[in-house]
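Here is the structure we will look at, set down as structure tokens.
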Amino acid sequence: QGLKSQVFLSTRNKTLNEAIYYNIDAIYRAITAGKQLSYRYYGWSLANGKLIKAYRREERYQVSPLSVAWNDEKYYLIAFDPVRDEVRHYRIDKMEQIAVEDLPALPQNDRFDSGSYVSKLFNMQGGAKKQVTLRFDKDLLGVAVDQFGSKAHLRPDDEEHFLLICDVVVSSGFYGFLFSLQGRVRL
């Protein structure tokens, strides 16, 4: 008798929004042309037990797009938002009525690195950027490198631990990462 093989697939719902591909195309056109981008951006709300779109601002967002990132099975626009005077990220599947504007993108620091920006985020959640020192159990070195990269500042602490010093965006996602390691890393 052969071995019985079973495969279990996650049934977690994923956002299936065909418009996302048109949004990404518009974002790349704006980046290539050096133009600003505008759109409506929404979250969700419950009204009378029904899920409805809730727009974040009455007016359209208008940003200078920098890049597109893929994280946790979602696409994000990374852009300079002049209303908040900072680089922000936005879920592309929550953008509607996207348009490339006939205005030049606002100049950014040429040294802005989208990869570095994304690497400091946990679950793409925003928050205050802080330098932290984390004390890991020695056998979590692979976990630390997977999360923070091979160029992270690491040093031995004692026979059983090492320290990692890095910049992170402090958010519930960051704390969730720490708690997921069940006391084997200390802040």
*If a residue has to be touching a residue at least 24 places away in the same chain (Cβ under 8 Å), open to solvent by less than 60 Å² (accessible area, probe 1.4 Å) and more than 30 Å from residue 88 (Cβ to Cβ) to count, how many in segment 163-187 make the cut?*
1
*Quick one: residue 145 ticks every box in (1) hydrophobic (A, V, I, L, M, F, W, C); (2) at pLDDT 85 or above; (3) surrounded by fewer than 17 Cβ atoms within 10 Å (Cβ to Cβ); (4) farther than 30 Å from residue 42 by Cα except a single one, so which number is it?*
(2)
*asked:* Looking only at segment 9-55, how many residues end up being modelled with pLDDT of 85 or more and open to solvent by 100 Å² or more (accessible area, probe 1.4 Å)?
replied: 5
*Limited to segment 163-187, what total is found for residues that are over 23 Å from the mean Cα position of the chain (by Cα) and either among the charged types (D, E, K, R) or farther than 20 Å from residue 129 by Cβ (or both)?*
4
*Could you figure out which of (1) at pLDDT 85 or above; (2) assigned to a strand (DSSP E or B); (3) of a type outside the set (S, T, N, Q); (4) within 21 Å of residue 65 (Cα to Cα) isn't true of residue 93?*
(2)
*Looking at segment 148-162, is at least one residue in contact with a Lys or Arg (Cβ under 9 Å, 6 or more places away or on another chain), open to solvent by less than 30 Å² (accessible area, probe 1.4 Å) and under 19 Å from residue 131 (Cα atoms)?*
yes
*In segment 57-87, what residues are of a type in the set (Lys, Arg) and either at pLDDT 85 or above or part of a strand (DSSP E or B) (or both)?*
57, 60, 74
*Could you check, for segment 98-105, whether at least one of its residues is at pLDDT below 85 and either open to solvent by 30 Å² or more (accessible area, probe 1.4 Å) or out of contact with any strand residue (DSSP E or B) (no Cβ under 6 Å at 6 or more places or on another chain) (or both)?*
no
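The values are calculated or read from the model by the stated rules, or taken from the named source; none is laboratory data. All figures in this text were calculated on a predicted structure; none of them were measured in a lab. All Cβ positions, even for glycine, are placed from backbone atoms using ideal geometry, and neighbour counts span all protein chains on display. Keep in mind that these areas ignore ligands, DNA and RNA; they rest on the heavy atoms of the full protein, side chains included. Shrake-Rupley method; radii C 1.70, N 1.55, O 1.52, S 1.80 Å.
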